[in-house]
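To keep things clear, I will list the structure first and then write my remarks on it.
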Amino acid sequence: MVSGRRIRADLTVFGRGYIRSRIGLFFSLIFPIILILLFGAIFSGSGSSRVPVYLQNNDNNSTASLGFIKALNSTNTMAITMVSSGVNFSQYLASHSGASGIVIPSGFQGDISARPPKSVSVTVYGNPASSTSGIVTGVTGAVVSAFNLRIANASAIVSTQSVSVASKTFKYIDYLIPGLVGFAVLTSPMFALVNISSQYKRDKIFKQLSLTPLTKTEWLISKITWYVFLTLISFVLMTGAGTLFFGAHITFAPGIIPFLLLGPFLFVSLGMLVGTVSKSVESAAVVGNLITFPMMFLSGTFFPVDTMPAYLQTVAHVLPLFYVIDGLNNVMLYGNYNAALTDVGVLVVLSLVVFGLAVRFFKWRED
Amino acid sequence: MSTIEVSSLAKSYGSLHAVDGISFSVKDGQVFSLLGPNGAGKTTTIEILEGLREQDEGQVKVLGLDPWKEGYQLHKKIGVIPQGFKFVDYATPKEAINYYAALFGVKVDADAILKKVILEDSADVYFTKLSGGQKQKVGLALSLVNDPQLVFLDEPTTGLDPQARRAVWDVIRTLRSEDRSVLLTTHYLDEAEELADEVAIMNHGKIIASGTPAEIIAQHGSGRQGESLEDVFVKLVGEEGHGQAGDLPAPAAPRRRF
């Protein structure tokens with residue numbers, strides 16, 4: 001039978017020890033704020049979002065070529081660095097580690113103003129491995145199309161208009177927060193429990209506790225309670241930092257709560273399971289990392305899952321953290337409660353299974 | 001009535017017969033000491049009696065209960081300090097006692113217990129900051145929280161300085177005067193001679209001698225005047241019987257400790 005008194009007693013000793021040791025506190029409270037500040041700064045700054053591009057104008061600063069550069073600049077997507085026309089452009093790019101470049105050929109103005117106009121190519125250099133090169137190719141292509149229309153004296157019939165997905169205007173930070181909250185939900189309990197459980201086993205603290213009326217289930221519930229508490233605090237801190245420093249819009253929908261409860265429930269249990277089935281503190285850490293790191297990167301924490309190749313998306317769907325982040329996204333960004341409900345369902349089942357396994361395999365005493 | 005009844009107890013780890021068919025009993029209110037070199041099977045025996053391990057063969061009754069199957073009831077009546085006691089780093093001895101009291105659902109006077117184990121001066125020092133002897137005393141204090149009828153002390157003085165050892169001895173004497181039974185394992189022969197009513201000497205999983213210290217000396221000694229339990233122990237266990245584990249003192253010491 002589960003006793004509230006014993007859970008409370010264990011929670012008091014554990015929580016007090018946790019606060020006093022300070023290291024754990026750093027990782028569960030300060031670190032998430034640092035994450036928000038760091039990622040917020042990387043992605044939200046207006047100046048830094050422009051792609052650096054090297055441009056060589058071989059058309060003697062003709063009016064047409066200058067007009068073309070002005071058009072590129074007006075897209076606000078590129079930070080253009082001019083390269084003088086005598087230089088070997090690909091060597092220059094390589095020696096400056098430039099991922100993207102544009103070359104306006106000589107005779108650019110002459111060719112486009114000839115009657116009838118001669119065809120002419122603007123060369124775009126790009127690195128296929130760099131995501132920013134795609135932006136440069138696309139934007140240059142769009143500017144070229146606009147020029148073509150002008151030369152042909154035509155006007156655009158089909159045009160595009162950008163609308164942000166979701167009811168409100170969201171900023172980049174708003175898309176980041178659910179993933180980063182998920183990151184904190186995973187790492188703080190997971191690393192701590194892998195460590196604590198393997199250490200308690202080594203130091204025979206579990207053996208000793210088995211000689212008291214405290215049960216394994218009670219011990220685990222006490223840890224889950226503590227990490228739910230920490231998760232709630234770190235959620236408030238992260239969203240607070242996001243709002244304060246980057247003007248994030250957070251909807252504090254009640255639908256967020258199940259994820260902040262189920263996440264720690266699941267990952268405390270998983271950490272416990274890993275820690276107790278491992279033979280030593282060291283092997284526990286290795287197994288813990290093997291489970292945590294793929295989950296950390298493939299569940300949509302830093303990169304959206306739907307930008308990943310299909311087979312990785314399949315992998316993501318078996319990772320428990322995916323359902324926490326997907327659920328938070330559904331509630332916080334899209335207000336899609338039906339989809340969030342599915343995520344809750346998956347998490348409830350996973351949590352109960354992992355909790356059950358942890359209690360089953362977690363050995364108080366030896367045989 | 002006997003506090004502990006053990007008959008034909010055996011436990012193997014693979015091909016190693018850690019405990020190889022031992023029988024003994026501990027009477028109510030007795031201090032009983034299990035002696036033996038490292039690897040003799042003392043800790044395995046004591047852990048079976050505490051319900052931490054299941055025996056392969058034999059019968060065990062502790063306070064009339066089967067330790068493995070009825071551990072939950074048994075643990076309310078016994079106190080235990082495991083070898084090399086450790087606790088949560090950032091908890092004070094006083095908090096540890098209150099924690100245990102809450103787990104057992106009993107009201108205790110933490111200060112009185114701390115005084116009993118002579119730890120009142122460090123009542124509010126974090127466990128991680130305590131010396132080895134003080135840590136051991138926290139274990140001793142915790143083993144007393146539930147007012148146990150029987151206390152298991154597994155090498156409670158190993159690694160302690162002489163003053164700390166004496167302090168632990170005093171606590172054991174107090175326990176005895178309160179009619180509690182004590183099962184003590186130790187490397188130190190003088191400790192057993194000083195404290196124990198009865199002694200069993202184990203080697204290679206078997207009990208090779210038992211009785212009061214005086215009886216053992218009379219039965220197994222060379223008959224020389226002034227022979228100590230330690231002299232008899234060395235004779236019984238033999239020079240090769242120890243030195244299997246690393247924590248024994250160098251054999252060059254004139255008064256050998258085990």
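The values are calculated or read from the model by the stated rules, or taken from the named source; none is laboratory data. The structure presented is a predicted model; accordingly, all values stated were derived computationally and were not measured. Cβ: placed from backbone, ideal geometry, glycine included. Neighbour counts: every protein chain shown. Note: accessible area is taken over every heavy atom of the protein model, side chains too, but ligands, DNA and RNA are not part of it. Shrake-Rupley method; radii C 1.70, N 1.55, O 1.52, S 1.80 Å.
For the pair residue A:353 and residue A:76, what calculated FRET efficiency results from E = 1/(1 + (r/R0)^6), where r is the Cβ-Cβ distance and R0 = 45 Å, to the nearest 0.05?
Plugging the Cβ-Cβ distance into 1/(1 + (r/R0)^6) gives 0.35.
Please report the carbon-and-sulfur percent of the accessible area for the protein assembly as shown; probe 1.4 Å, protein heavy atoms only, DNA, RNA and ligands left out.
That share works out to 58 percent.
Compute the orientation-averaged projected area for the protein assembly as shown from the convex hull of its Cα atoms and round it to one decimal in nm².
In nm², the orientation-averaged hull projection of the protein assembly as shown is 39.2.
Among the lysines, which have Cα under 22 Å from the Cα of residue B:61 when same-chain residues fewer than 8 positions away are ignored?
Leaving aside lysines fewer than 8 places away in the same chain, those within reach of residue B:61 are A:207, B:11, B:27, B:42, B:69, B:76, B:77, B:206.
Using mean Cβ contacts within 10 Å as the protection proxy, how do A:246-254, B:130-138 order, highest first?
Working: A:246-254: 15.3, B:130-138: 20.6.
Order by mean packing, descending: B:130-138, A:246-254.
What residue among B:50, B:193, B:178 shows peak mean-square fluctuation when chain B is described by a Gaussian network model with Cα springs under 10 Å?
B:178
Tell me whether segment B:142-209 comes out rounded, prolate or oblate; compute the Cα gyration tensor, take square roots of the eigenvalues as a ≥ b ≥ c, and use a/c under 1.5 as the rounded threshold.
In terms of gyration-tensor shape, oblate.
Given a 1.4 Å probe and heavy atoms of the protein chains only, how would you sort A:6, A:365, largest accessible area at the top? List each step's numbers first, then the result.
Working: A:6 20, A:365 70 Å².
From most exposed to least exposed: A:365, A:6.
What length, rounded to one decimal in nm, is gained on full extension from residue A:84 through to residue A:145, with 0.36 nm per residue of separation minus their alpha-carbon distance?
Result: 19.4 nm gained on full extension.
Considering Cα pairs under 8 angstrom that are at least six residues apart, work out the relative contact order of segment A:1-129 and quote it in whole percent.
Result for segment A:1-129 is 23 percent.
Accessible area lost on pairing A with B, both sides, 1.4 Å probe, Å² to nearest 100?
Looking at A and B, the buried total is near 2700 Å².
Need one value for A:14-25: mean number of C-beta atoms belonging to other chains within 10 Å of its residues' C-beta atoms.
3
Could you tell me what percent of the DSSP beta bridges with both partners in segment B:112-229 are antiparallel, to the nearest 5?
50 percent
In peptide B:143-151, how many Cβ atoms from other protein chains are near each Cβ within 10 Å, on average? Intermediate results must be reported in sequence, preceding the final value.
Details: counts 2, 0, 1, 3, 0, 0, 0, 0, 0.
Per residue, the number of nearby Cβ atoms from other chains is 1 on average.
Please average, across the residues of B:102-114, the number of beta carbons from any other chain that are within 10 Å of each residue's own beta carbon, and give a whole number.
What the average comes to for B:102-114 is 3.
With a 1.4 Å probe and all protein chains in place, put A:20, A:5, B:166 in order of accessible area, largest first.
B:166, A:5, A:20
For chain A, what is the relative contact order in percent, using Cα pairs closer than 8 Å and at least 6 residues apart in sequence?
20 percent
Per-residue ellipticity at 222 nm for chain A, helices alone: DSSP H runs ≥ 4 residues times -39500 (n - 2.57), over residue total, nearest 500 deg cm²/dmol?
That comes out to -20500 deg cm²/dmol.
Check which residues have an amide H placed less than 5 Å from residue A:125's amide H, if you skip close sequence neighbours.
Answer set, sorted by chain and number: A:101, A:102, A:103.
What residues have an amide H closer than 5 Å to that of residue B:186, excluding those fewer than 5 places away on the same chain, when H is modeled at 1.01 Å from N in the peptide plane?
Those qualifying (amide H under 5 Å, at least 5 residues apart or on another chain) are B:34, B:36, B:155.
Give me the accessible area per residue for the protein assembly as shown, probe 1.4 Å, as a whole number in Å².
Per residue, the protein assembly as shown has an accessible area of 46 Å².
What does the highest-first list of B:150-161, B:205-216 look like by mean Cβ count within 10 Å?
Final packing ranking: B:150-161, B:205-216.
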